[in-house]
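Asker: Okay, here's the structure, questions in a sec.
The values are calculated or read from the model by the stated rules, or taken from the named source; none is laboratory data. In this text the structure is predicted, and so the values were computed from the model without any measurement. All Cβ positions, even for glycine, are placed from backbone atoms using ideal geometry, and neighbour counts span all protein chains on display.
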Amino acid sequence: MKIVKDTAVSFHYTLTDQHGEVIDASAERGPLTYLHGHDQIIPGLERQLEGLDTGARANLAVPAVEAYGERREEMVMEVPRDKFPADEELVPGSQVMSQGGGAPVVFTIREVRPDTVLLDGNHPMAGKDLNFAIEVVDVRPASAEELAHGHVHDGNHDH
Ligand SMILES: [Zn+2]
């Protein structure tokens, strides 16, 4: 059947960036399953999957603005080194979680300077135009329970 709102969709994908480098692929994990029309996947991908049929293969180009958003330079900040425990090894490219109130934010360490650390709060995929080579494996109507929960129940999902 075709992908429409309130269907449970399974699809394989190979995700590449604008240089053709593979960022992620579902081949080894098994297909990704999601509830269509419930904002579970990035908007540009969900919009382009709409209407595809079981077995369909397609190359879907998703611009950054419809994926993880554009990079925002105000999300890059320099903080004093002594905000981190002295014995914490700070490795550029690794990720740290903000402490403090509110929802935790993941920062990527850009650069470790003598007295400060440059942190980037942008999503690692922000600013990237993405390409998904997809194959629709299965489309079925979601159950009333799945719709009530807002997610798909498959395999080891248990509650
Ligand atoms: Zn559930």
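Asker: Those residues that are assigned to a helix (DSSP H, G or I), within 10 Å of the ligand (Cβ to nearest atom) and either of a type in the set (G, A, S) or surrounded by 18 or more Cβ atoms within 10 Å (Cβ to Cβ) (or both), I need them from the range 119-159; list them, please.
Answerer: E146, A148
Asker: Also: Considering only the range 87-136, state which residues are among the acidic types (D, E) and under 30 Å from H12 (Cα atoms). Walk me through it before giving the result.
Answerer: Filtering the range 87-136 down to residues among the acidic types (D, E) leaves 87-89, 111, 115, 120, 129, 135.
Across the range 87-136, the qualifying residues are D129, E135.
Asker: So which strands (runs of 3 or more DSSP E) stay within the range 1-105 end to end and still have 3 or more residues that are closer than 15 Å to I134 by Cα, outside the structural domain of T116 (by TED's automatic domain parsing) and under 17 Å from the mean Cα position of the chain (by Cα)?
Answerer: Where strands (runs of 3 or more DSSP E) fall fully within the range 1-105 and carry at least 3 residues being closer than 15 Å to I134 by Cα, outside the structural domain of T116 (by TED's automatic domain parsing) and under 17 Å from the mean Cα position of the chain (by Cα), they are 7-16, 22-25, 32-35, 57-62.
Asker: With out of contact with any Gly (no Cβ under 7 Å at 6 or more places or on another chain) and without any contact (Cβ under 8 Å) to a residue 40 or more places away in the chain as the only criterion, which of E78, E73, E66 stands out?
Answerer: E73
Asker: What about F132, is it farther than 30 Å from G51 by Cα and of a type in the set (F, W, Y)?
Answerer: no
Asker: When you scan the range 120-138, do you find a residue that is at pLDDT below 90 and aliphatic (A, V, I, L, M), even just one?
Answerer: So far as the range 120-138 goes, no, none of its residues is at pLDDT below 90 and aliphatic (A, V, I, L, M).
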